[in-house]
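Report on one structure; see the data block that follows.
The values are calculated or read from the model by the stated rules, or taken from the named source; none is laboratory data. Owing to the predicted nature of the structure, the values given are computational and were not obtained by experimental measurement. We place every Cβ from the backbone using ideal geometry, glycine too, and count neighbours over all the protein chains shown.
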């Protein structure tokens, strides 16, 4: 088996740009960052010299409001991702921004943004979303001592996750376990067998856990410098270790 070279990890800006393009092209968007209650005048930056990107396809299940401005820069792939994000955020009211801060992000019809639920699971296969390939639990995967195999598994999971998401979106399903943001992998260190979720982890060894976790994330998110195939969310930062 030929080992694939690992791309460098995403910077924070690359991650945000990739998240925007992944979610806005077919799911939803959650951004906050302005203290005003009324939409601010939108700056109109000029198009960049980036290669043309695919035109966004309107979602027939969530038709935009009649006030939607089709010439808005955030809808124009000729603009950079940073310019499109800035333009969109400046058009949102404080109330609309707050509506995006929870697990269930509300639709913003006047801007053409459908609702989005951030909770999805893919610890060892796409979970709770119909038929999917089921791989062994993480504690069993750790027993392979094979990070490359974890990478390949994560590629399969993200393939199925994207396919399921697009099918859900085509049918107007935007609820729980339909999105592209997966709350996996679990990289907690299994220090005490009395904890009831040890099977979700890669065991008690921090080094093995780190190698398995990195490969899972890279396999899920892909290698494109601008677009995320899916969003992997390592957990749990605050507890369980």
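Taken together, the residues in segment 92-123 that are free of Cβ contacts under 8 Å to residues at least 24 places away in the same chain and in contact with a helix residue (DSSP H, G or I) (Cβ under 6 Å, 6 or more places away or on another chain) amount to 1.
Here is the figure for segment 205-226: residues that are at pLDDT 95 or above and touching a helix residue (DSSP H, G or I) at 6+ places or on another chain (Cβ under 9 Å) total 15. When 86, 69, 148 are checked against the criterion of being under 27 Å from residue 161 (Cβ atoms) and either in a loop (DSSP other than H, G, I, E, B) or out of contact with any strand residue (DSSP E or B) (no Cβ under 7 Å at 6 or more places or on another chain) (or both), a single residue qualifies: 148. So in segment 174-201, with the set limited to residues that are out of contact with any strand residue (DSSP E or B) (no Cβ under 8 Å at 6 or more places or on another chain) and not in a helix (DSSP H, G or I), which one is surrounded by the most Cβ atoms within 10 Å (Cβ to Cβ)? Result: 190. Scan segment 103-123 for residues that are buried (at least 17 other Cβ atoms within 10 Å of the Cβ) and part of a strand (DSSP E or B) and the total you get is 5. Specify which of the listed residues (229, 164) is in a loop (DSSP other than H, G, I, E, B), under 24 Å from residue 116 (Cβ atoms) and either at pLDDT below 95 or under 15 Å from the mean Cα position of the chain (by Cα) (or both). Result: 229 is the single residue among 229, 164 that is in a loop (DSSP other than H, G, I, E, B), under 24 Å from residue 116 (Cβ atoms) and either at pLDDT below 95 or under 15 Å from the mean Cα position of the chain (by Cα) (or both).
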